[in-house]
Amino acid sequence: MDEIHKKILQRNRSNLVKDLDPSKLYDGLLEKGIFTQDMIDEIQSAGTRRNQARQLVQDLETRGSRAFPLFLQCLQETGQESLAELLQNGAPAVTLQPATPTQVVRPVIQPLPITSPVDGNNPGKDVKKPGIPFISPPGGGELRPGPGRVRRDSLQGYKMDASPCGHCLIINNMEFEPHSMLKNRKGSNIDCEKLERRFKTLNFVVEVRTNLRQKQIKHELLTLSKKDHSQYDCCVVIMLSHGTEVNHNRFPGAVYGVDGQYVPVQHITNYLNGQHCPSLQGKPKLFFIQACGGDEKDMGFEVSPDEVEPSSGGVDDQTDAIPMSSSSDSLSMSDEPDARPTLPTPSDILVSYSTFPGYVSWRETQSGSWYVQTLDCILEESAATVDLVTMLMMVNNEVSQNSAKGLYKQMPGSFNFLRKLLYFQTQT
C-alpha cells in the first residue's frame, strides 16, 4: 500500500474503530481479493466489533497498492459512505476506477542477414540457413551471463536487485510427537543450517521455525503472506519434513507437521500466489520441498557405464516417506478442474521437490539429505553465473547418480511456472 494511504488509515483509525461495521465488508473484501478466507477468519476471531475493526484496518495496510481504493468501494457498497468520504478527503487523488493496464514494451525482432543458399566457390554445395532471429531486450541492451550481465525486469530476467532481496522462511520439522507414528528426522538440522547460511549469503532475510504442528505451519505461512513485500523482489519457502502423497489438482504431495497432520503443497503455494499476496504479484515465489513424495523406492534401470558416475550414499541412509493418505483429514482434497475461480493460475511460482512424486527421498544422518547437500553446493559454485532453473537441472543430474545402500536411486524435479530467468544476487 502506498505510504500516503497508510497515513490516512492511521490518522483516521479511531473513527474507523468506533464506526466501522466489519461484518458488512467481509463478502466484498473476499470477492475483490483484498483478503483471503483465512485472513477474514482471523479478523473475526478478534472478538468484539471494535477489535475486529481495529484488526481489519491493521491488516489492510499490508494488502498492496489496490487495497485502499477497493476498501473505499466496499464502504460505499455497504452503506458506510460517511467513512468512505472521511478517507477520501485526505486522498483526493484516489480513483475508484480499475487501474489502467501498464503498457508493455515489446522486444524488437531483428532478423539475421539472409545469405545465398549456394556457396559460390563450391556450386551445388548447400550453405547453412540463418538460425532463429535475435531478439534484443527493451532498450537495446545485451544480456550476458556472468558478473557483468545487465539485470532488469524485462522479458529476459526478473528484477532481483532489492536489498535485502526478500524473505526466506525455513520450516524444519525434526522431532515428531509419539502419537504421530512418525520417526524423528536425524540430520535435518544439518540441512537447515546449510540453507540458512546459503540464503543469507544470497541476501535474503531468513527466518527459521522448528518442529511445528500443522496449524502452526499454516499460521507461519499466513503471517508471511500478510507481510508487505513491496520493497522486495522475491520470496522463498523451504519445507524440511516427512512427506506423503495426496490427491491434488496442481502441485503434488504434502508435508507433515510434528503432530502427524499434513499440509498439501498446493495449499502452501496458495498462501503466496498473486490473489492472496498482492504485494508479490509478478515476483518469483520459490518453494523447496525436502520431503518424500510417496513410499515407493526407486531401484533405477541399467544404463551404459559411460552415462553415469556412480556415487554411493552413506551407511545410515533414511527416508522421509509416509504412505499416501486416504483418510478423511480436513485437508484432503478431491481432484477438481484447474479452472476453479478460487485457484488462479500460479504464475511466477516454482516448486522444487527433492524427489519425483510417489518416491522416497534419502537423507544421511551425519551429512543431511542428498538433495539439500547438492543444492547448497550448486548454489555456492554457480549462482553468480547460472540461472535458477539451469542450476536445478544440475542438481537433478548429480542427485540421480547417488545410490542408497548400493541399490536405491532418487530423482528430484520441479514444477516451473516462472515467466523469466531468475539470477540470485551474489557477493562480489
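The values are calculated or read from the model by the stated rules, or taken from the named source; none is laboratory data. Note that the structure is predicted; figures quoted are calculated from it, not measured. Positions of Cβ are backbone-derived with ideal geometry, glycine not excepted, and every protein chain shown enters the neighbour counts. Each accessible area value is taken on the protein alone, full model and side chains, heavy atoms only, with ligands, DNA and RNA left out. Shrake-Rupley method; radii C 1.70, N 1.55, O 1.52, S 1.80 Å.
Got at least one residue in the stretch 19-38 being in a loop (DSSP other than H, G, I, E, B) and at pLDDT below 85? No, the stretch 19-38 has no match at all.
With the condition kept exactly as written, say whether any residue in the stretch 206-217 is in contact (Cβ under 8 Å) with a residue 40 or more places away in the chain and open to solvent by less than 10 Å² (accessible area, probe 1.4 Å). Checked the stretch 206-217: at least one residue is in contact (Cβ under 8 Å) with a residue 40 or more places away in the chain and open to solvent by less than 10 Å² (accessible area, probe 1.4 Å). Between LYS194, LYS227, LYS215, the distinction of being in contact with a helix residue (DSSP H, G or I) (Cβ under 9 Å, 6 or more places away or on another chain) and under 27 Å from ALA67 (Cβ atoms) belongs to LYS227 only. Count of the stretch 359-372 residues, restricted to those that are surrounded by 21 or more Cβ atoms within 10 Å (Cβ to Cβ) and at pLDDT 65 or above, is 5. Among residues of the stretch 145-167 that are open to solvent by less than 80 Å² (accessible area, probe 1.4 Å) and among the hydrophobic types (A, V, I, L, M, F, W, C), those with a Cβ under 6 angstrom from a residue that is at pLDDT 50 or above and outside any loop (DSSP other than H, G, I, E, B), sequence gap 6+ or separate chain, pair up as CYS165/PHE204; CYS165/CYS234. Looking for something among the small types (Gly, Ala, Ser) and over 33 Å from the mean Cα position of the chain (by Cα) - is there at least one such residue anywhere in the stretch 2-25? Yes; the residues of the stretch 2-25 include at least one that is among the small types (Gly, Ala, Ser) and over 33 Å from the mean Cα position of the chain (by Cα). Can you pull out the residues in the stretch 168-186 that are open to solvent by 80 Å² or more (accessible area, probe 1.4 Å) and basic (Lys, Arg)? Passing the criteria: LYS183, LYS186.
Let's see how each residue does on (1) within 24 Å of HIS229 (Cα to Cα); (2) open to solvent by less than 30 Å² (accessible area, probe 1.4 Å); (3) in contact (Cβ under 8 Å) with a residue 24 or more places away in the chain:
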| site | (1), (2), (3) |
| --- | --- |
| GLU3 | yes, no, no |
| ARG11 | yes, no, yes |
| SER14 | no, no, no |
| LYS18 | no, no, yes |
| ASP21 | no, no, yes |
| LYS24 | no, no, yes |
| LEU29 | yes, yes, yes |
| LYS32 | yes, no, yes |
| THR36 | yes, yes, yes |
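Whenever a residue of the stretch 387-398 is among the acidic types (Asp, Glu), its partners that are open to solvent by 20 Å² or more (accessible area, probe 1.4 Å), lying with C-beta atoms within less than 7 angstrom and at least six residues away or across chains, give the pairs ASP387/LEU421; ASP387/TYR423. Looking across the stretch 246-264 at every residue that is more than 12 Å from TYR353 (Cβ to Cβ) and modelled with pLDDT under 90, the one that is nearest to the chain's Cα centre (by Cα) is identified as ARG250.
Among the hydroxyl-bearing types (Ser, Thr, Tyr), touching a residue at least 60 places away in the same chain (Cβ under 8 Å) and surrounded by 23 or more Cβ atoms within 10 Å (Cβ to Cβ), is that true of SER230? No; evaluated as a whole, the condition is false for this residue.
Residues are listed down the side, and each one gets a yes or a no for (1) modelled with pLDDT of 90 or more; (2) more than 16 Å from PRO22 (Cβ to Cβ); (3) acidic (Asp, Glu); (4) in a loop (DSSP other than H, G, I, E, B):
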position: GLY47; (1), (2), (3), (4): no, no, no, yes
position: ASP59; (1), (2), (3), (4): no, no, yes, no
position: CYS74; (1), (2), (3), (4): yes, no, no, no
position: GLY79; (1), (2), (3), (4): yes, no, no, yes
position: PRO98; (1), (2), (3), (4): no, yes, no, yes
position: ASN122; (1), (2), (3), (4): no, yes, no, yes
